[in-house]
Every structure is written in C-alpha cells, then in structure tokens.
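Everything below concerns the one structure shown next.
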C-alpha cells in the first residue's frame, strides 16, 4: 500500500493532532521551568496531586475518582512522597487504609499550579474571547463526559 497525500489528514487538521498541539502549547505555557518543583511532576502524577490538594483521600478513592488502577495511584503517590509534596497517614476511620495529604512544600507547588492555570485561562480568554472560551470548555466537557459513559 502506498501513501496517498490527497487522502491523508495532517496532524494540524485531525482532531487528535489539534488536541495534541493544544496540549503541548498549554504545557509549554504552564511555566514548568527547571527550577520549579512542579517541573518534575509527571502529567499523570499532577492529576493525582491536584486531587489530593482538595482534601486528603485514600488511594482507593483516588483510583476510583480518576479511573485508574489502585497500583497506578499508589505509584503516583510514591513519586509524590519522594518529592516531599505528599505524605501518607493512617486514615482516622481505618487502621488499614492510608490517606494522602499535601505537605507544606506541596501547598506551595499547588498554589503555583493554580496561578499558572489562571494565567493560561486568562491568555485563552484574551485570544478567543469569553463566549468562544466558554463554548470551547463546554465542548471539551461534553467530549470527556461522553468518554466516561459505558
């Protein structure tokens, strides 16, 4: 089979390629400088970290909410503990379960992450305008919700 350029969709035309380009740009704009403690956080670990930032949660709860395996959640927590961003403590309601809680160093990283998110959202609003940004957000939410359904 030979490649036919007339029938191919470039990365800049395909939805997948466009979404990847947007994700790459957002990552670049997020300000993950080498001196930033958040720079070493993997994107998958960042989801776990931001969930913990809201309130202490067990590894099982985390896995359920994020739709990942308990082992994947535990691996992310382990990396975050090594970075001193999170600690594991015994759950008050169970001697067997442990909850992950954010450390003071983690609080600083979380605050910086929220500031980066706000800056990126402001840049997007300046580029797209409020109504288009709201429409874009709604479209992405619809896609994510559709993917979450069985």
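Derivation of every value follows stated rules applied to the coordinates shown; laboratory data play no part. Please read all numbers here as calculations on a predicted model, not as lab measurements. Neighbour counts are summed over all protein chains in view; Cβ atoms, including those assigned to glycine, are modelled from backbone coordinates with ideal geometry.
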Mind running the shape call on region 43-150? Use the C-alpha gyration tensor, a ≥ b ≥ c as the square roots of the eigenvalues: rounded below 1.5 for a/c, prolate if a/b tops b/c, oblate otherwise. oblate
Normalising by the residue count of region 31-117, find the relative contact order in percent from Cα pairs under 8 Å and 6+ residues apart. 30
Ordering of 124-132, 69-77 by packing [mean C-beta count within 10 Å, highest first]: 69-77, 124-132
Could you work out how much longer the chain between residue 103 and residue 126 gets when fully extended? Use 0.36 nm per residue separation minus the Cα distance between them, nm to one decimal. 4.8 nm
Between the modelled labels at residue 117 and residue 90 (7 Å from Cα along Cα→Cβ) the distance in nm is 3.3
